[in-house]
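Take a look at the structure below.
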Amino acid sequence: MSAVDLLSGPALTVVTGPAGVGRSHALRLAADAAARQGTPVLALRLAPEDRAEPWYLVGRVLAALNPSGPSGRAVEPPAATLTGLLRRRAGLVLVLDDAQWADTESVRVLRDVLADPAGPAIRCLAAVRTGGGAPVPRPRPGLAARVVPLRPRPPDDTDALVARLLRATPHQDLAAAVRRYAVGVPAAVDAVLTGYRAAGHLVLADGRAGLRDPSAVPVIPPGHQLLRPVHRLGRSARAVARALAVLQPFGPAAPALIARALDLPPEQVRRQLATARTEGVVRTRSGCWTVTTPALALGLVAGHGPYERRRIAQVAVEALCDDPSAVPDPHYLPDRLVEAGGSVDPARAVALLREAAAGAGGSPADAARWWAAAADLSGSATDHVEAALSGAAAALRRGLRDEVGRVLEPVLAAYADDLTPGQHTEAAALLAGTTRQRDAESGDGTPSRVAAPLPLADRCLLDFRAGRWTAALDGAVLAEAAGQAGTDPPVAAVAAQVLLAQGRPNRARAVLDAADQPAHLLAPARADLHRALGDARAASGVLRAALDRFATAELWVLAAELAAEHYDAGTVRAAREASLSAYPEALVRMIVDRDADAAAEAVRRARALNQPYELARTLERAVRWVGHDPTALAEAYQILGGLGALLHRSRLRQLAREHDAPVAGRAETVAEGDRLLAVLVADGLSNRELAAATQNSEKSVEGRLSRLFARTGYRSRVELATAVLAGTFGTGAATVNGGPAR
């Protein structure tokens, strides 16, 4: 509901909702809107202690309306005095925040004043927190009133709030993390973003926002508004709430464990939990006490002192030793063992930590933390080495290559004689910049065993291969900004491939030129770019230079294709003789030998990969070089459409016409041809480059542009480019490539 809607309501509007959901914000917006309209506003905020003082609220209203009147607390009966003052303030909007703390005497009088048909024409907007034991005031009969409940926001609204707060589109990993910690509560959303920014985890680039390390935990600032209800609690209630933040996974058993950890009587724990519930810090459902949001729980845990942290962790470990199934989360026990330190049986703790660390292959940061705790307790050289190896892997995974040596070298020097051959190999691989265990990927492009979120660069590659190109492009931009570009292939190459396929070759070239990566790693993307713009000589030069340094399967496939197009017998022979793995070898044989069996094998293997773009390109190549099943072009065309690959779809349409296997109707072909031409113009291509990209003559391009201007009403390239970049090119509000070009 908008601020204007709140102001246009009945005499009394009560805005309700849990702590942090935005009640105060809604009232502020309404008060500001009223002030802009010239409407008089009186805004007051109440506190818990105000409820115990009779006539306190009425006294504050009287003092604000009549500063020259008698000072001191209002005395009964104030209704006549209040009514007289309000009659001179017709149209006044009375805004009461935290109205659940209003004293009962004042509430009764204000309801009578608002309900009096002969009384002053004023309105009251009151915010009442729910879920904390404070009842919503009931309007008296005859009083025009309404209740407006505010609830936690759904996921899409949460993403939109993140975008507004950061003025950037959130990457999927950032969006997922905010949803998880904030559960739709706006104050928690702000706290999480503030915590990520303060800890240096947030990356902002080109209108996008992401996390350097998606597994990172936000550090909630102690002074954030989300923690204000905690600060209002007494010392004992704060301690109980902090303990609950750690022990809440135990469900109904949590209060008893809190009593043991804090050495408090169970009845006192129950009273303090009730007090914390009144302040909106905790809640109870089905007999289980929990902190209202995970973000608030993080803020509570951050307030633990060293002894308090160890003691609570010790109690949790002892409870899990008695009942290992009490908390199913596999991270919970090792994390509590880390916090408990030497306060639990060292031998058992070391064994449990080693077991957890050894099984955390998909989460090197967790493994490093658990190995380090085991090393502190055991003093074992093996544990110290494993902690260093996991820590280096975690740093490399986050793109912090300079950190790898700093973590590894001191440990390798101290324990050189204790390293096994396998550990020597792992250390060498890490120092060379490769992870000791890559996350496995299932056939559908999803991680098959990942215990922690992937870093931006790895997520970018995963999204690209799985056909999630918008997310891949976002991830590439953010990974570059975060210094995580060194994957294979580099994220710059991924971004360039996406941009080229979408019809933005100049943008692709700019990405490649700006990339700080070895030339041979960018060579496939750069060669594709030159070929798309009709410069076969430049493409051949890029591939030859790359093959001289590092002959990869992908480079040989591209070289073989280019050589076959231009009858380069030497390169064809070299490609045939190259020793490649099975899948690229089939592609090479298909291209250079026109081998139908190799084409069938290549298609079969491409399908097994379940990577949409790779399958589409293989189907196209099989038809182009061998004439293998032209009807498969329709499948490739559909795949490319889902990816937004306008340029590749254009080339596929021409190939389909050559094989008498049309993939689109006349109207669709014209519309998509116009869209591609508009995107290429917006990217700044000359007529010669337009001709090469669309495989037409320059004269044909000039004619197509004239017809495009006539059909759309745009009068110049500038107007056309502006429409494309604004996302308004096409019919009505139609967009290009699924959304406004960035």
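The values are calculated or read from the model by the stated rules, or taken from the named source; none is laboratory data. Because the structure is predicted, anything quoted here is derived from the model rather than measured. In this analysis, Cβ positions are derived from the backbone assuming ideal geometry, glycine residues included, and neighbour counts consider all displayed protein chains. Just so you know, the surface numbers come from the protein's heavy atoms only, side chains and all, with ligands and any DNA or RNA stripped out. Shrake-Rupley method; radii C 1.70, N 1.55, O 1.52, S 1.80 Å.
At a glance:
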item: Subset of segment 612-635 [over 22 Å from GLU668 (Cα atoms), open to solvent by 40 Å² or more (accessible area, probe 1.4 Å) and part of a loop (DSSP other than H, G, I, E, B)]; result: HIS628, ASP629
item: Number of positions in segment 281-296 that are open to solvent by 10 Å² or more (accessible area, probe 1.4 Å), touching a strand residue (DSSP E or B) at 6+ places or on another chain (Cβ under 8 Å) and not in a strand (DSSP E or B); result: 1
item: Residue match in segment 194-215 (condition: over 25 Å from ALA316 (Cβ atoms), among the β-branched types (Val, Ile, Thr) and open to solvent by 10 Å² or more (accessible area, probe 1.4 Å)); result: yes
item: Residues of segment 666-691 satisfying the condition of being modelled with pLDDT of 90 or more, assigned to a helix (DSSP H, G or I) and open to solvent by 30 Å² or more (accessible area, probe 1.4 Å); result: ARG675, ASN687, ARG688, GLU689
item: Sole exception among (1) open to solvent by 60 Å² or more (accessible area, probe 1.4 Å); (2) outside any helix (DSSP H, G or I); (3) in contact with an Asp or Glu (Cβ under 7 Å, 6 or more places away or on another chain) for ARG309, by number; result: (2)
item: Meets criteria (at pLDDT 95 or above, in contact with a Phe, Trp or Tyr (Cβ under 8 Å, 6 or more places away or on another chain), part of a helix (DSSP H, G or I) and not basic (Lys, Arg)) for VAL338; result: yes
item: Selected residue (only one of ALA374, ALA365 is in contact (Cβ under 8 Å) with a residue 40 or more places away in the chain, in a helix (DSSP H, G or I) and touching an Asp or Glu at 6+ places or on another chain (Cβ under 8 Å)); result: ALA365
item: Neighbours by Cβ (under 9 Å, 6+ apart or cross-chain): first from segment 153-168, more than 18 Å from THR293 (Cα to Cα); second part of a helix (DSSP H, G or I) and among the β-branched types (Val, Ile, Thr); result: LEU165/VAL189; ALA168/VAL162
item: Qualifying residue in segment 381-388 (condition: farther than 18 Å from LEU430 by Cα and either of a type in the set (A, V, I, L, M, F, W, C) or open to solvent by less than 40 Å² (accessible area, probe 1.4 Å) (or both)); result: yes
item: Of all residues in segment 223-270 being of a type in the set (Gly, Ala, Ser) and modelled with pLDDT under 95, the one that is nearest to SER24 (Cα to Cα); result: GLY223
item: Test: ALA34 is crowded, with 21+ Cβ neighbours inside 10 Å, among the aliphatic types (A, V, I, L, M) and part of a helix (DSSP H, G or I); result: yes
item: Subset of segment 636-665 (residues that are part of a helix (DSSP H, G or I) and of a type in the set (Asp, Glu)); result: GLU658
item: Checking GLY200 against (1) on the phi > 0 side of the Ramachandran plot; (2) in contact (Cβ under 8 Å) with a residue 60 or more places away in the chain, the condition it does not meet; result: (2)
item: Residue list for segment 693-731, restricted to those being surrounded by fewer than 18 Cβ atoms within 10 Å (Cβ to Cβ), over 11 Å from ALA678 (Cα atoms) and touching a residue at least 24 places away in the same chain (Cβ under 8 Å); result: GLN695, ARG711
item: Helices (runs of 4 or more DSSP H) fully within segment 523-595 counting 1 or more residues that are at pLDDT 80 or above and crowded, with 22+ Cβ neighbours inside 10 Å; result: 536-549, 553-565, 582-593
item: Residue match in segment 99-111 (condition: modelled with pLDDT under 80, among the β-branched types (Val, Ile, Thr) and open to solvent by less than 60 Å² (accessible area, probe 1.4 Å)); result: no
item: Positions within segment 531-555 being farther than 30 Å from SER697 by Cα and hydrophobic (A, V, I, L, M, F, W, C), in sequence order; result: ALA545, ALA546, LEU547, PHE550, ALA551, ALA553
item: Qualifying residue in segment 380-399 (condition: closer than 27 Å to ASP173 by Cβ and in a loop (DSSP other than H, G, I, E, B)); result: yes
item: Single residue of PRO265, PRO249 found to be touching a residue at least 24 places away in the same chain (Cβ under 8 Å) and open to solvent by 40 Å² or more (accessible area, probe 1.4 Å); result: PRO249
item: Filtered residues of segment 204-256 (kept if touching a strand residue (DSSP E or B) at 6+ places or on another chain (Cβ under 9 Å) and among the β-branched types (Val, Ile, Thr)); result: VAL240
item: Tabulated pairs, segment 1-20, first free of Cβ contacts under 8 Å to residues at least 12 places away in the same chain and open to solvent by 10 Å² or more (accessible area, probe 1.4 Å), second among the hydroxyl-bearing types (Ser, Thr, Tyr) and not in a strand (DSSP E or B), C-beta under 9 angstrom, 6+ apart or interchain; result: none
item: Residue in segment 323-337 that is in contact (Cβ under 8 Å) with a residue 12 or more places away in the chain, open to solvent by 40 Å² or more (accessible area, probe 1.4 Å) and under 21 Å from ALA187 (Cα atoms) present; result: no
